[in-house]
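Shown next, in structure tokens, is the structure this report addresses.
Rule-based calculations on the coordinates, nothing more; no lab input. Not measured: the values here are computed from a predicted model. In this analysis, Cβ positions are derived from the backbone assuming ideal geometry, glycine residues included, and neighbour counts consider all displayed protein chains.
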Amino acid sequence: MSASLVSPPTGRELVTAAADGLLDPQGRDLAGQVQWWELPDHPERWPVAVLGEGPPLLLLHGFDSSFLEFRRLAPLLAVSHRLLIPDLHGFGFCPRPAARDYTPEAVLRHLDALLEVFDRQPPGGGPPLGLIGASMGGAVAVALARRHPGRFERLLLLAPAGLTGRPMPLPPLLDGLGVRFLALPSVRRGLCRSAFADPDRDVGPAELEIASLHLGSPGWAEALGRFARSGGFAGCGDPLPPEPLAVLWGADDRILRAPQKRAAQALLGFRITELASCGHLPHIDQPEQVAAAWRAGG
């Protein structure tokens, strides 16, 4: 058969291959924990990494990322919690049906459906969930907590992005150019390095592999472009939900610009703890510190 006629791997096939062949052993382990859930009003099956035992804890990744973002943190929290780590709608290894929309509201509806399925699982109902959101996942976490009053016990936000500001939709031509730019290997490498406090030490082939693996999922470019046209998550922090909320961000964060950090500081105030020698990914740069902060808040 001609190579041009071979279908690209599905998201599910990519996750299966990752569980067998990722360079990063913690990434392989987490990929091996993925279940494919049937969700209400979603004919496709959706990836959720499920591991550990104890009180339930939902972890939400950032923009143009996947559940694999939590590969360092998950083993530390799974000793005491039942972890649910989905790919957000339109991101990671999710199916991307052309007929669906790719907006912040669609991301939240997908999580509504995931919570509905979780509540039907034994023992049913159960205690409120803990909630951790990283980067854009922090804005998603805040919006989700407001959407489900009393559903979450407390929140931990890791270098949250999108809590302040306003949506800035990209015009149709620019969104396509932006997606093509993000797909360039040199750009992926630069972004990956920018996320770490010490990229010369911490960014190698294993990190670069995980940063780009989900780009092979069918529909990645179109879904990301449509999300960019929506304006994405912005201005999601006001009002903050009433649940206890803590924030960690890195002193060496080169992803969040200074105006973004100042605006977030004004909103979050005393809730912020800054981590030395840490970049935009506390859960990868300093997972032990993140796990300790979560345990200390219990």
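Residue 274 to residue 212: extension gain in nm, 0.36 nm per residue of separation minus the Cα-Cα distance?
19.5 nm
In percent, how large is the relative contact order of segment 3-296, given Cα pairs closer than 8 Å and 6 or more residues apart?
21 percent
Quick one: work out the % antiparallel among DSSP beta bridges in segment 3-296, nearest 5.
Beta bridges within segment 3-296, antiparallel portion: roughly 30 percent.
Placing unit charges on C-beta atoms (Lys and Arg positive, Asp and Glu negative, everything else neutral), compute the dipole magnitude of segment 150-298 about its Cα centre in debye, rounded to 20.
Using only the charged Cβ atoms, the result is roughly 460 debye.
So, with +1 on the Cβ of K and R and -1 on the Cβ of D and E, and no other charges, what is the size of the charge dipole of segment 1-61 about its Cα centre, to the nearest 20 debye?
It works out to roughly 120 debye.
Place +1 on the Cβ of every Lys and Arg and -1 on the Cβ of every Asp and Glu in segment 3-296, take the dipole about the Cα centre, and give the residue among 291, 32, 75 whose Cα lies farthest towards its positive end.
Comparing the listed Cα positions along the dipole, 291 ranks first.
Using the count of nearby Cβ atoms within 10 Å as a rough guide to exposure, how do 203, 179 rank from fewest to most? Write out the running numbers ahead of the final one.
Numbers: 203 17, 179 21.
Sorted ascending by nearby Cβ count, the order is 203, 179.
Mind putting a number on the dipole of the chain about its Cα centre? Charges go on the C-beta only, +1 for Lys and Arg and -1 for Asp and Glu, and I need it in Debye to the nearest 20. Show your work: numbers first, answer last.
Numbers: 28 positive and 31 negative charges, 120 e Å.
Here the size comes out at about 580 debye.
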